[in-house]
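The values are calculated or read from the model by the stated rules, or taken from the named source; none is laboratory data. In this text the structure is predicted, and so the values were computed from the model without any measurement. When we count neighbours, we look across all protein chains shown, and the Cβ atoms used for this are built from the backbone with ideal geometry, even at glycine. Keep in mind that these areas ignore ligands, DNA and RNA; they rest on the heavy atoms of the full protein, side chains included. Shrake-Rupley method; radii C 1.70, N 1.55, O 1.52, S 1.80 Å.
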Amino acid sequence: MVERKKKRAGKIKVRLTRDLIAQAAYEEYGGKSYETKSGKQVWKKIILWDDKTQGLGVRLLPSGKKTFILWYRNQKRQEKLLTLGDCRTLSLPQARALARTKRADVDTGGDPLEEKVLQSRSTTFEEAAAKYMEHYGHRKKSVRDDRGRLKNHLLPEFGHKPMVQISRSDVAAFHERLGQEKPYEANRNLSLISMIFKKAQLWGLIPIELRNPAEGVSKFPEKKRTRVLNLGEAARLIRAIDAEQDPRIRLAIRMYLYLGVRKGELLKLRWEDIDTERRIITFYDTKNGEDHQLRPPDEVFDLLAEAHNQRLPEADYVFWNDRDSTYLKDIRKPWNRIREKAGLTDITLHDLRRSVATWLGEMNFGSHSIKKVLNHKNIATSERYVNLAAMQTEEPLRRIGERVQEAERLAKESVSDESGGR
């Protein structure tokens, strides 16, 4: 039996200790249910008041749950009961410190319960995320990925919560849980949370002094990919490309191999961006914001000429989309078919770009030429320099063309050998 120190005017006062809180039971202190005149079933309120910290108590519930609460009177002399936290997650020393902080707030004219109510009505994460995507996120290159992260992870986890109630421990727990299976994706989600909070502060949706809960959460280490194709693998990939039925996909994957361009930039290529007289292709809306001019080998123009003859008359884009007359937004499904058929399921589309860079290095081209081919950020932006950059890509891309042509030859020889062996 837990010793009671005193009971006066229906109030139970004790010296709260960790053991007492752990052992205290609702029924032991007279807890019971009764009916009101209207027939409603209610339960007697049981609170153990601490005789050490003014206003601090532990509320015992019939379910066995126990919560720390704080009683106080605000400046209008209104009595308030503020829930501080669950006794399972908040320790007694923490509860006492929090109670003293809240009472100090009351003494200076504050009303913690009213502030909590106002906070619960403040901007939710879902509202802030919607404004973020509308006014900022839609301009990012990762807009489709960010929408997926919000839909699949962040909104189910935080969407209904007011921004001011999302703590660093909440974000850390979410990041850790997602990172057990998808560490890279967990890191991208963490960055998105941080950016949404930063923009919400900038736009006045949440207090500027509110700590960003994503700050201080350690990201999972990320290994830099080094996977590149060797010549034999390139030949297997080309055989699988030839077996693909969609001519747009066959052209796209081959152009990745020949040019090493970024996926999104290639898929947005228009017929008007191809100068057949000067033998130059210009990619607009690139990742670094600069137009990217390339002078590919003749084999690329042969592929483009073949596609041009097969195109729909109204198609402005090289890789047209039948559904909305724009361009293909995603080719993951056909790409997965191709790499599975080639037995190269560990190869990503971006690995083709890395392969081009590696092949150029093996051919003793310097980093300056490689950066021009790949359109890295530190390429000069003047119009004259961009034109010069296109000229300087001719020899590297010609050599890449020779490498791909060698893979093409190996692919054809392999098919011929298989036919002859039947």
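Worth a mention:
- Using every pair of separate Cα atoms, the Kirkwood estimate puts the hydrodynamic radius of the stretch 180-281 at 18.4 angstrom.
- Estimated FRET transfer efficiency (residue 414, residue 349; beta-carbon r; R0 22 Å; 0.05): 0.45
- Sparse packing (at most 11 other Cβ atoms within 10 Å of the Cβ) combined with a DSSP loop state is found for the following trypsin sites (Lys or Arg not before Pro) in the stretch 60-142: 76, 77, 88, 121.
- Amide H contacts under 5 Å for residue 283, placed H, 5+ residues apart: 292, 293, 294
- Selection from 243, 356, 197 lying farthest towards where the dipole of the chain points positive, charges on Cβ: 197
- Nitroxide proxy distance, nm - points 7 Å out along Cα→Cβ at residue 405 and residue 89: 6.7
- Here the chain has an Rg and Dmax of 32.9, 102 Å, counting Cα atoms alone.
- With protein chains left intact and a 1.4 Å probe, residues in the stretch 248-362 average 48 Å² of accessible area per residue.
- Partners for residue 11 among lysines (Cα-Cα distance below 29 Å; same-chain residues under 8 apart left out): 32, 37, 40, 44, 45, 52, 65, 66, 76, 80, 102, 116
- Between helix 231-242 and the chain: long-axis angle, C-alpha atoms, 0 to 90°, nearest 10: 90
- A simple spin-label model places the labels of residue 140 and residue 376 2.5 nm from each other, with each point 7 Å out along Cα-to-Cβ.
- Around the Cα centre of the chain, unit charges on the Cβ atoms of Lys, Arg, Asp and Glu (plus for the first two, minus for the last two) sum to a dipole of about 3460 debye.
- C-alpha long axis of helix 394-420 to longest principal axis of the chain, angle in °: 80
- Net length gained if the chain between residue 32 and residue 279 were fully extended (0.36 nm per residue, minus Cα distance): 80.1 nm
- Extension gain, residue 323 back to residue 161 (0.36 nm per residue minus Cα-Cα distance, nm): 54.6 nm
- Part-to-part distance (alpha-carbon centres) for the stretch 296-353 and the stretch 177-250, which is given in Å: 23
- Percent carbon-and-sulfur accessible area, the chain, ignoring ligands, DNA and RNA, probe 1.4 Å: 47
- Cut-off 14 Å between beta-carbons: net charge of the residues surrounding residue 106, Lys and Arg +1, Asp and Glu -1: +2
- Cα long-axis angle, helix 247-259 against the chain (0 to 90 degrees, to the nearest 10): 90
- Note on the stretch 88-215: Rg/Rh from C-alpha atoms, Kirkwood Rh, equals 1.03.
- Under the simplified labelling scheme, the residue 107-residue 330 pair shows an inter-label distance of 5.9 nm, with each label point 7 Å from Cα along Cα→Cβ.
- Magnitude of the charge dipole for the stretch 111-165, about its Cα centre and with charges confined to Cβ atoms of Lys, Arg (+1) and Asp, Glu (-1), is about 480 debye.
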